[in-house]
């Protein structure tokens, strides 16, 4: 167990914390849940930085880190959709993208290959965090940024599919 893995576990724990607060009746529930979401984003940045800087990358962390990211993303998107803050098609597109990313990762893992996150995937993730935070500050800007996030996510998926084909072809 190392610091990046502990940060990933904290991020996993923040998923139900986000959901409990978001759907609660406490004053400023949405604002507080968005702060929890932002904290999860900070742990994501920190764990990646620390893991790379101090060579603390583990197989366990390489699996749990993207899982924590995907769980938080899907939890947030479903929550925002349930409360009619974002349209259903957004969660559908990003949900399908995440499903195919997980499926591809499982297939490559079984082939003995691990594909790390690429810059375009990280950009899509950062855009997602910014757009969700902006939904609390200014809903119109947040929605526009979220639509840009969907485009970035689809671009990232296309690039990952291209990489998947290249890796799979080289393994055959």
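Observations on the structure shown:
- Of 35, 86, 94, 45, all but one fail to be under 24 Å from residue 141 (Cβ atoms) and part of a loop (DSSP other than H, G, I, E, B); the exception is 86.
- Of 75, 105, all but one fail to be buried (at least 17 other Cβ atoms within 10 Å of the Cβ) and without any contact (Cβ under 8 Å) to a residue 40 or more places away in the chain; the exception is 105.
- Candidates 123, 63, filtered to the one that is in a helix (DSSP H, G or I), surrounded by fewer than 18 Cβ atoms within 10 Å (Cβ to Cβ) and in contact with a helix residue (DSSP H, G or I) (Cβ under 7 Å, 6 or more places away or on another chain): 123
- Only one of the numbered conditions (1) more than 19 Å from residue 145 (Cβ to Cβ); (2) touching a helix residue (DSSP H, G or I) at 6+ places or on another chain (Cβ under 6 Å); (3) at pLDDT 95 or above is violated by residue 88, and that is (1).
The values are calculated or read from the model by the stated rules, or taken from the named source; none is laboratory data. Just so it is clear, the model here is predicted, and its values are computed rather than measured. No Cβ is skipped: glycine too gets one built from the backbone with ideal geometry, and neighbour counts run over all protein chains shown.
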